[in-house]
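The values are calculated or read from the model by the stated rules, or taken from the named source; none is laboratory data. Quantities reported herein were computed from a predicted structural model and do not represent experimental measurements. As a convention, Cβ positions derive from the backbone with ideal geometry for all residues, glycine included, and neighbour counts pool all protein chains shown.
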């Protein structure tokens, strides 16, 4: 079980891992051992995700999704397969956790009277500066 929140967990059967050779750190092993992890998770077909979380996750991870709705996370940061597995699972859990938080709805507000006055005063000052420049430039020529 991949624990995302105290109320949400993903079953191991829903996660599919494949191991490939990684570029980067590994020394002599880099050409011999498949240490990079490719973690696949079917977002659209997952029974573990509530519908609002699924929709937010599809938006959040849009650039990492296949056309079938499978999320692919590649981990190749570490030299060992086990640490890359942990890294991929942690990144998946963090992404799903991020999708569990519902965005706050924006409340429409109006600028205060003081804010309007300040804005208009700034516009008047700017116009006055431009008018002074115009009169000075016209008098010199």
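Okay, here's what the table says:
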item: Flag for residue 95 being assigned to a helix (DSSP H, G or I), under 20 Å from the mean Cα position of the chain (by Cα), surrounded by 14 or more Cβ atoms within 10 Å (Cβ to Cβ) and modelled with pLDDT of 85 or more; result: yes
item: Residue list for the stretch 34-79, restricted to those being part of a strand (DSSP E or B), within 16 Å of the chain's Cα centre (by Cα) and more than 22 Å from residue 5 (Cβ to Cβ); result: 72, 74
item: The lone exception for residue 24 - which of (1) at pLDDT 75 or above; (2) closer than 15 Å to residue 83 by Cα it fails; result: (1)
item: Filter pass, residue 89 being touching a helix residue (DSSP H, G or I) at 6+ places or on another chain (Cβ under 9 Å), part of a helix (DSSP H, G or I) and either surrounded by 16 or more Cβ atoms within 10 Å (Cβ to Cβ) or modelled with pLDDT under 80 (or both); result: no
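Per-residue answers, yes or no, for (1) under 30 Å from residue 8 (Cα atoms); (2) within 20 Å of the chain's Cα centre (by Cα); (3) modelled with pLDDT of 85 or more:
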{"site": "32", "(1), (2), (3)": "no, no, no"}
{"site": "104", "(1), (2), (3)": "yes, yes, yes"}
{"site": "120", "(1), (2), (3)": "no, no, yes"}
{"site": "139", "(1), (2), (3)": "no, no, no"}
